[in-house]
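Novice: The structure is given below, and queries will be raised subsequently.
Quick note: the coordinates plus some simple rules give every number you see, no bench work behind them. Note that the structure is predicted; figures quoted are calculated from it, not measured. Heads up, the Cβs are rebuilt from the backbone with ideal geometry, glycines too, and the neighbour counts pull from every protein chain shown.
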Amino acid sequence: MALDRERGNGMLKNPAVNFNFLLRVEGNYDLPCKKISAVTRELEYESIQEGGVNDYVHLRRKPVSAPFILEVERYVCPEYFDPLPLGKQLDMPLVLYVSSVAGAFGRPVRTFTFYGCTVMGKTYGELDAGGSGLLTETTKIAYQRLMVESG
């Protein structure tokens, strides 16, 4: 019990820093990412209130009506290869490594594994001839199941 309290206090003093992201696609392609803007997993419930003098409210889970979403933003480089084309259904899980140190993805702070992924959309960053900037691509991915592991 005391160990858990000490570990908990340490977590409050030293939260996980997450500045570096690496997305492993099909177990073969490693994509460095600029930003992970949405990892959404939301379940819907309906409340059923009993009649009469009972004050009970029951929650019942509804069937999933919208896909769970992951949005990944990355830079487009000259040697651009896209292992996530629009409409692709991935055969293997998509793995997102989060690390506080660049290039230290052998010991990530947290690992997110997404199962049953389908690429739903692509958005490209603003193209402006009046100013220079780096071209980015945002990929919207639907997934069925998520597993999170701490490093």
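Novice: Tally Lys/Arg at +1 and Asp/Glu at -1 over every other residue whose Cβ is under 12 Å from the Cβ of Ala142; what's the total?
Specialist: It works out to a net charge of +3.
Novice: Continuing with the same structure: Would you mind computing, in nm to one decimal, how far apart the modelled labels at Lys35 and Arg60 are, each placed 7 Å from Cα along Cα→Cβ?
Specialist: Between Lys35 and Arg60, the simple spin-label model gives 4.2 nm.
Novice: Right, here's the next one. If Lys and Arg each add +1 and Asp and Glu each add -1, what is the summed charge of the other residues whose beta carbon sits under 11 Å from the beta carbon of Glu46?
Specialist: The answer is +2.
Novice: Find how much the distance from Glu44 to Thr113 grows on full extension, using 0.36 nm per residue of separation minus their present alpha carbon separation; answer in nm with one decimal.
Specialist: Numbers: separation 69, 0.36 × 69 = 24.84 nm, distance 2.25 nm.
Length gained between Glu44 and Thr113: 22.6 nm.
Novice: I want the local charge near Pro93. Using Cβ-Cβ distances under 13 Å, sum +1 for each Lys or Arg and -1 for each Asp or Glu among the other residues.
Specialist: Spelling it out: positives minus negatives among the neighbours equals -1.
Novice: Which order do the peptides 63-72, 33-42 take when ranked by the mean count of other beta-carbon atoms within 10 Å per residue, highest first?
Specialist: In decreasing order of mean packing, 63-72, 33-42 become 63-72, 33-42.
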